[in-house]
Amino acid sequence: MGKVFVFDFAKCTGCRNCQLACKDEHVDNDWAPYAAPQPDTGQFWGRIEEKVRGQVPKVRVSYAWRACQHCGNAPCMAAATAAGAPDAVYRRDDGLVIVDPVAARGCEVLAEACPYGVIFYNEELGLPQKCTGCAHLVDEGLPPHCVDVCPHEALRFGDEEDFAAEIAQAEFWMAERAEADEPRVYYLNKPRRFLGGVVVDLEADEVIVGAKVTLEDVRTGAVQAALTDEFGDFWFEQIPASEYRVYFEADGYLTRMLEATTENEDRNMGPVALYATA
Amino acid sequence: MGSSVTGTSIIKGLGFNSFGIGANACTVDIDEENDKILRIRPFHFDEHYTPEELNYWKIEARGHTFEPGLKTYISPLSLSYKKRVYSKNRIPCPLKRVDWDPDGERNPQNRGKSAYERISWDEATSIIAREIKRMHDTYGPEAILCEVDGHGETKVVHAAHGSITRLLDECGGYTLQSRNSDSWEGWYWGAKHIWGMDPLGQTSFQNNIIKDISENGDAVLFWGCDVETTPLGWGGYMASRICAWFTEIGVKQIHIAPDVNYTNAVHADKWIPVLPNTDAALQLAIAYTWIKEGTYDQAYLDTHAVGFDNFKYYVMGGEDGVPKTPKWAEAICGVPSYTIKALARYWARHAVSIAHCNGGSFIRSCFSHEPARLEVALLGMQGLGKPGANQFKMLEWTLFGIPTVTPLPPSTCIPNIGAAYLGFITGTKPSFIPKTMIPQAILNPPVQWYGHIAAGLPREDQFTGPFTFPVEGKSRIHMVWSDTPCWETCWNGGFKMQDALRHDSIEFVVIQHPWMENDCNFADIIIPSNTKFETEDIGTDNDSGQWTVVFYEKQAIKARMDSKSDVEGVAEIARALEKFGGVYENLHERFMGGKSFDEWIKAGFETCGIPEGAMTYEEFKEKQYYPFPTLENWEDMPAGLIGFHDDPEGNPLRTPSGKLEYYSTTLAQMFPDDKERGPIPRWVHVSDEHEERTNTERGRTYPFLLVSNHPHFRVHAQHDDVTWLREIETCKVVGPDGYRYEPIWVNPIDAGKLGLETGDIAKLYNERGGVLGGVIVSERIMPGALYQDHGSRVDSIVMGEGGLDRGGANNLIAPSATTSKNAAGEVTSGFLVNIEKVDVFALAEQYPEAFSRDYDPDCGLVATARMVEGA
């Protein structure tokens, strides 16, 4: 049990309040014994990562919150012990992992040891630094500053047991490391890929409403279907990065198949023209 | 007193509303012992009041519940405000231009170029006083142009704007730079003529529209509307939460704009890309489709509109032989005709409302009155005011104190602290100049226009005039006094303004401001204002969408460096003027109205609307705020324009006929020869003043249309120096020379043709000059359009018309001509440019002086860049 963070991709609007709150809280403020001041720029104990997805006119932007994962089995703690500085990093009773601003002095190896790249070496202070979960505020019964300023409750913080439902369906930043590190930041609605387009009859100069679009994942054979909406648009959401065959069927039109890939990015197939049978 | 961690909590309104209208309530934790700001965080309505006392509201629809919450949804601009207070860009002390000698050579041609030296407050105020006296004696008060509008800090007794005019009102007057209806240009100049709707031109009837859409709406069109950016300076993220709510309950959000703005990026269900300032063609084709397919509400028009037949005749091609078909529109606006038809049919079948946030090409391009009118024309064709079919706004929810412009449940009172306000209140003066015409008025007087151009006047005012500057027998401009030094980077044709500020006729330029930026660099004397953290004040926040609130703003820290508040600084000038006697006698006392700042704050408290007996002034200062509860029975207020919809005779519009005027008889009578704004809304291709279309001769030379939106990480020109914002990858583009350039979005197709890559530094240009920017190749902008936000700080390489700017302040190359001949609005987006890659190192060799100024990549331009060493 203890404190955890939950981040919901579906709710984040990329406002950067969390990133700025981290600066507001920690730049020029010394929160001993948990943290020395964060440098004004260039280092981000908490930050937002932005990704533009798709192609005109099917474009979206996804944002991800990146910060210390407060791992249950933290690689930085192991690295500190290995470097002969076992007091440099410790875990509080509530699970927050703290790089001690005194004991960790000069311990540059911590920054290198973090697989998530969220420990920064402050050259000026000679100190590795990272998110403390605003432990100084938590001690006062307050939420971390980043959580307090999120306008959509996309970033939440609290007791593990209160988030049982979220944790049950959550994923991790780096799935492949989760088992080893036991991270305590849980991600909801992690984006996969989307594939979309518009089905048109160019001769009639009309979109085709209600056309059946079938998506076949060439690798897995998985199939799903959707109908075009009132704009002739079709959308497949949260599909795997893969190679697809896409079948287009509509009454009075020749069926058409096109290949499409979402291997490297989300895909707008653009206008897909169907041709009348007669 | 809090702990050393939590500090002492005070309240500040951290917006940029100005005009004594508060915004953006935040709690600020300060460390009193160390004279320091600890943190900025949301303000909690429930610190001293229970949800029951607030009459907590909820909207319930489709099995879901929308709630206001109990703390403010603060904006990143509020959250990063501390960095403005401690910015390296702060003006440290009064300054004088080194080669400006009031008793000798004034060297106006060197403004913008020569450096500044430190002088004392006494020296500064005595020079300013002498110059005012000299102007009065030599030319008369009209020779002094006062620039006192725009979006400064939200201060009340220490007003950011207009302490200047308060002073000059006491001793002779001045020429006023009019406060344009800049946020609402197209609606103001256009929409008013079809549906009345004073004072903005946007709808004045928004009560319960969010509830109405939640219950009855199918879709909302966001026509260039960006709720994730535009409200941030005068509101928070309640509007963003409304979008999330629409998603939750399945209200479709359709974005129509050239760019994927920050709202489209995360909330949109569909994006229809349209080329900048071609919306009118798209709108006409929608009307055409409805007329052709008989899918508009003729019965409604029969009882609610006049002149529809004239409009219909034009749309179908009767007037000019050109039917406004979807194919016709496609060639102009870039939307495939099949999509135009699909949109028209969707709209005809569903309850559709339109959301706006001001700004963008839709409303700030040439002829913007046409798309604004056409939007209302379309709403009318589908039974405007029926359930789920209105226009509404995602910001400014109590503008001008109007109780009917909030679409969310309103509070019992819109508190007004006007009694404490020591700044300029929107209005007019005998000698005035539209803000859009300042450069011409300085360079080539006389100039002429219609209307008083003061935002907030009724439709009829547009027919007053023509007005002329200079007023007959009065002086042209010889002195400029500004507390709003961002004309170059916020208005239409900034390069021309640079010429005006360096003109021989301008003998003295004095500027007061906290930060060394933009027009400051053209001053002869600069006096340093401080920020609101350094003063005690009173504030309101009426636009959170939650509850209106009045608060006491305790001083957070001591005044930094050698700064004073705007009012304190001008009070010193009042004292300096007193020695001349006569009209200046007892000026300080008159200027301060015989009250201390605390007495002014108290006057504001006593008259703001807090019920008598609710709390004493001492209790107010102790509790620090008073919230007004939600209006009882708010649910019963008629939604939007349902009153007009159900009974147009009983609830007429403010048009001459009381109905929707598809043909405006007033425009026809007053301006019979107006080809740009005729009696019915039309597609206007070009005019004598504007040739901003790609399919023209100019369009071959400058083949792209520029989208210039309200920026995400600034309020106009404010916040460009905030280190925490500038380091966000998408806020600036780091050039190979380490300079952080203002981003230009280029679609991959155009980038491919032009050989541009992300990270390249390029020049946006037309015959008016060029501005640099850092390329981001992005799918967030459609081909044929380029995107660069407005408001980046000017960093001149070559000044004046045909000049070059490093900062990316693209208003410098916007057209000087106004919206149209008889509409003196601004044109600051949707104009033609070309783009080409530049070699910044070659430019640095060519312009060593401009490229070697003091510069801090984190903060950008710094105050020392313009000061002599050791100043």
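Since every read-out is calculated from the coordinates, none of them should be taken as a lab result. What you see is a predicted model; the values in this text were computed from it and never measured. So basically every Cβ, Gly included, is an ideal-geometry build from the backbone, and we count neighbours across all protein chains shown.
Evaluate the Kirkwood expression for the hydrodynamic radius of the range B:127-223, namely the inverse of the mean inverse distance over all pairs of different C-alpha atoms, and round to one decimal in Å.
For the range B:127-223, the Kirkwood estimate is 17.4 Å.
Pull out a ≥ b ≥ c, the square roots of the eigenvalues of the alpha-carbon gyration tensor of the range B:704-762, then state rounded if a/c is under 1.5, prolate if not and a/b is larger than b/c, and oblate in the remaining case. Present the calculation step by step, with values, prior to reporting the outcome.
Details: a/c = 2.78, a/b = 1.48, b/c = 1.89.
Since a/c reaches 1.5 but b/c is at least a/b, the shape of the range B:704-762 is classed as oblate.
In 10 Å bins starting at zero, report the fraction of Cα pairs in the range A:193-273 per bin as a rounded %.
Final binned percentages: 20, 55, 23, 3.
How much length is gained if the chain between residue B:109 and residue B:555 is pulled fully straight, taking 0.36 nm per residue apart and subtracting their Cα-Cα distance, in nm to one decimal?
Values: separation 446, 0.36 × 446 = 160.56 nm, distance 4.12 nm.
Length gained, residue B:109 through residue B:555: 156.4 nm.
Would you kindly derive the ³J(HN,Hα) couplings of the range B:359-365 from the backbone phi angles with the Karplus curve 6.51 cos²θ - 1.76 cosθ + 1.60 (θ = phi - 60°), listing them in order in whole Hz, with x for Gly and Pro?
Coupling constants for the range B:359-365: x, x, 5, 4, 10, 10, 9 Hz.
Using +1 on the beta carbon of Lys and Arg, -1 on that of Asp and Glu, and nothing else charged, what's the dipole of the range B:696-793 about the Cα centre, debye to 20? Intermediate values should be presented prior to the final figure.
Details: 11 positive and 13 negative charges, 50 e Å.
The calculation lands at about 240 debye.
On alpha-carbon atoms, Rg over Rh for the range B:428-543 using Kirkwood Rh?
Rounded to two decimals, Rg/Rh equals 1.02.
Based on Cβ point charges of +1 for Lys and Arg and -1 for Asp and Glu, what charge dipole magnitude is obtained for the protein assembly as shown about its Cα centre, in debye rounded to the nearest 20?
Its charge dipole is roughly 1640 debye.
Restricting everything to alpha-carbon atoms, can you work out Rg to Rh for the protein assembly as shown with a Kirkwood hydrodynamic radius?
0.96
Under Stokes-Einstein, with the Kirkwood radius over Cα pairs standing in for Rh, what whole-number D in µm²/s applies to the range B:647-709 at 10 °C and 1.306 mPa s?
Translational D for this selection: 108 µm²/s.
Report the Stokes-Einstein translational diffusion coefficient (µm² s⁻¹, integer) for the range B:548-643, Rh taken as the Kirkwood radius over Cα pairs, at 10 °C with viscosity 1.306 mPa s. Walk me through the intermediate numbers first.
On the way: Rh = 17.3 Å.
Translational diffusion coefficient: 92 µm²/s.
Which whole number gives the average count of other chain Cβ atoms within 10 Å of the Cβ atoms across peptide B:723-736?
Working: counts 5, 11, 4, 1, 8, 8, 4, 5, 1, 0, 0, 0, 0, 0.
For peptide B:723-736, the averaged partner shielding equals 3.
Return the FRET efficiency for the residue pair residue B:856, residue A:238: r is the Cβ-Cβ distance, R0 is 60 Å, and the value is rounded to the nearest 0.05.
Once rounded, the FRET efficiency stands at 0.85.
Rg/Rh for chain B: what does it come to with C-alpha atoms and Rh from Kirkwood?
0.95
Non-local amide H neighbours of residue B:305 (under 5 Å, H modeled in plane, Pro and chain starts lacking H): which ones?
Excluding prolines and chain starts, which carry no amide H, the hits are B:660.
Using bins 10 angstrom wide from zero, how does P(r) for chain A break down, in % of all Cα pairs?
It works out to 6, 25, 25, 17, 13, 9, 4, 1, 0, in whole percents.
Enter the Cα centre distance for the pair the range A:1-23 and the range A:46-94, rounded to the nearest angstrom.
12 Å
Distance cut-off 24 Å, Cα to Cα: go down the list A:51/B:82; B:435/B:474; B:88/B:837; B:659/B:821 and report the pairs above it.
A:51/B:82; B:88/B:837; B:659/B:821
Largest first and in whole Å, what are the equivalent-ellipsoid semi-axes of the range B:198-352 based on the Cα gyration tensor, each being the root of 5 times an eigenvalue?
29, 19, 15
Calculate the mean, over all residues of peptide B:264-270, of how many other protein chain Cβ atoms lie within 10 angstrom of the residue's Cβ.
Taking the mean over all residues of the peptide, I get 6.
To test your reading of the geometry: what angle, between 0 and 90 degrees and rounded to tens, separates the Cα axis of helix A:17-26 from the longest principal axis of chain A?
10 degrees
How large, in Å, is the range B:715-816 by the Kirkwood hydrodynamic radius built from its alpha-carbon pairs?
Working: mean 1/r = 0.0725 Å⁻¹.
One decimal place: 13.8 Å for the Kirkwood radius.
Can you compute the radius of gyration and Dmax for the range B:404-480, using only the Cα atoms, both in Å?
In order Rg, Dmax, the Cα atoms of the range B:404-480 give 17.2, 53 Å.
Taking amide H positions as placed in the peptide plane 1.01 Å from N, state which residues far from residue B:746 in sequence (5 or more) or on other chains have amide H under 5 Å from it.
B:776, B:777, B:778
Given the range B:744-789, what whole percent of its Cα pairs are spread farther than 11 Å?
62 percent
If R₀ is 56 angstrom, what is the calculated FRET efficiency for the pair residue B:633 and residue A:124, using the beta carbon separation as r and rounding to 0.05?
0.40
Which of B:687, B:87, B:368 comes first, and how do the rest follow, when ranked by fewest Cβ neighbours within 10 Å?
Ascending Cβ contact count within 10 Å gives the list B:687, B:87, B:368.
Could you tell me which of B:505, A:43, B:262 has its Cα farthest along the dipole of the protein assembly as shown towards the positive end, charges placed at Cβ (Lys, Arg +1; Asp, Glu -1), taken about the Cα centre?
B:505
How many Å³ per residue does the convex hull of the Cα positions in the range A:135-263 occupy? Walk me through the numbers on the way to the answer.
Working: hull volume 21.5 nm³, N = 129.
Measuring per residue, one finds 166 Å³ for the Cα hull of the range A:135-263.
Could you work out [θ]222 nm for chain A from helices alone, using -39500 (n - 2.57) per DSSP H run of at least four and dividing by all its residues? Round to the nearest 500 deg cm²/dmol. Intermediate results must be reported in sequence, preceding the final value.
Values: 7 runs with 44 residues, N = 278.
Mean residue ellipticity, 222 nm, calculated: -3500 deg cm²/dmol.
What order do you get for B:547, B:634 when you list them from fewest to most C-beta neighbours inside 10 Å?
By the 10 Å Cβ count, ascending: B:634, B:547.
Obtain the nm distance between the two label points defined at residue B:120 and residue A:30 by a simple spin-label model: each point lies 7 Å from its Cα along the Cα-to-C-beta direction.
3.8 nm
Tell me, what is the FRET efficiency for residue A:204 and residue A:10 to the nearest 0.05, using R0 = 35 angstrom and their Cβ-Cβ distance as r?
0.40
Over all distinct alpha-carbon pairs, what is the Kirkwood Rh of the range B:8-88 in angstrom?
Evaluated on the range B:8-88, it is 14.7 Å.
Shape of the range B:114-180 from its Cα gyration tensor (a ≥ b ≥ c, root eigenvalues): rounded if a/c is under 1.5, otherwise prolate when a/b > b/c, or oblate? Write out the running numbers ahead of the final one.
Numbers: a/c = 1.72, a/b = 1.11, b/c = 1.56.
It is oblate, given that a/c is not under 1.5 and a/b is not larger than b/c.
Scaled to the compact-protein estimate 2.2 N^0.38 Å, what is the alpha-carbon radius of gyration of the range B:283-399, rounded to two decimal places?
1.08
What residues qualify as long-range amide H neighbours of residue B:61, i.e. H under 5 Å apart, gap of 5 or more or another chain, H built at 1.01 Å from N?
For residue B:61, the qualifying residues are B:66.
Once you order the gyration tensor axes a ≥ b ≥ c over the Cα atoms, which shape class does the range B:697-866 get: rounded for a/c under 1.5, otherwise prolate or oblate by comparing a/b with b/c? Could the numbers behind the result be given before it?
Working: a/c = 1.40, a/b = 1.24, b/c = 1.13.
Judged from the Cα gyration tensor, the range B:697-866 comes out rounded (a/c under 1.5).
Which whole-Hz ³J(HN,Hα) couplings does the range B:168-181 yield from phi under the Karplus relation 6.51 cos²θ - 1.76 cosθ + 1.60, θ = phi - 60°, glycine and proline marked x?
6, 4, 7, 9, x, x, 5, 9, 9, 7, 5, 7, 4, 7
Whole angstrom only: what separates the Cα centroid of the range B:29-58 from the Cα centroid of the range B:203-274?
Result: 28 Å between the Cα centres.
Run down the lysines and flag those whose C-alpha is under 16 Å from the C-alpha of residue B:133, throwing out any fewer than 8 positions away in its chain.
B:579
Under a crude label model (7 Å from the Cα following the beta-carbon direction), how far is residue A:82 from residue B:651 in nanometres?
7.2 nm
Which whole-Hz couplings ³J(HN,Hα) result when phi for each residue of the range B:727-734 is put into the Karplus expression 6.51 cos²θ - 1.76 cosθ + 1.60, θ = phi - 60°, listed in order with x for Gly and Pro?
So the Karplus estimates, Gly and Pro as x, are 7, 5, 3, 8, 7, 9, 10, 6 Hz.
Hey, which lysines would be in cross-link range of residue B:211, C-alpha to C-alpha under 23 Å, not counting anything within fewer than 8 residues on its own chain?
Straight-distance partners of residue B:211: A:11, B:58, B:71, B:252, B:270, B:386, B:393.
Starting from the Cα of residue A:192, step 7 Å along the direction of its Cβ; do the same at residue B:319; then give the gap between the two resulting points in nm.
Computed distance between label sites residue A:192 and residue B:319 equals 5.3 nm.
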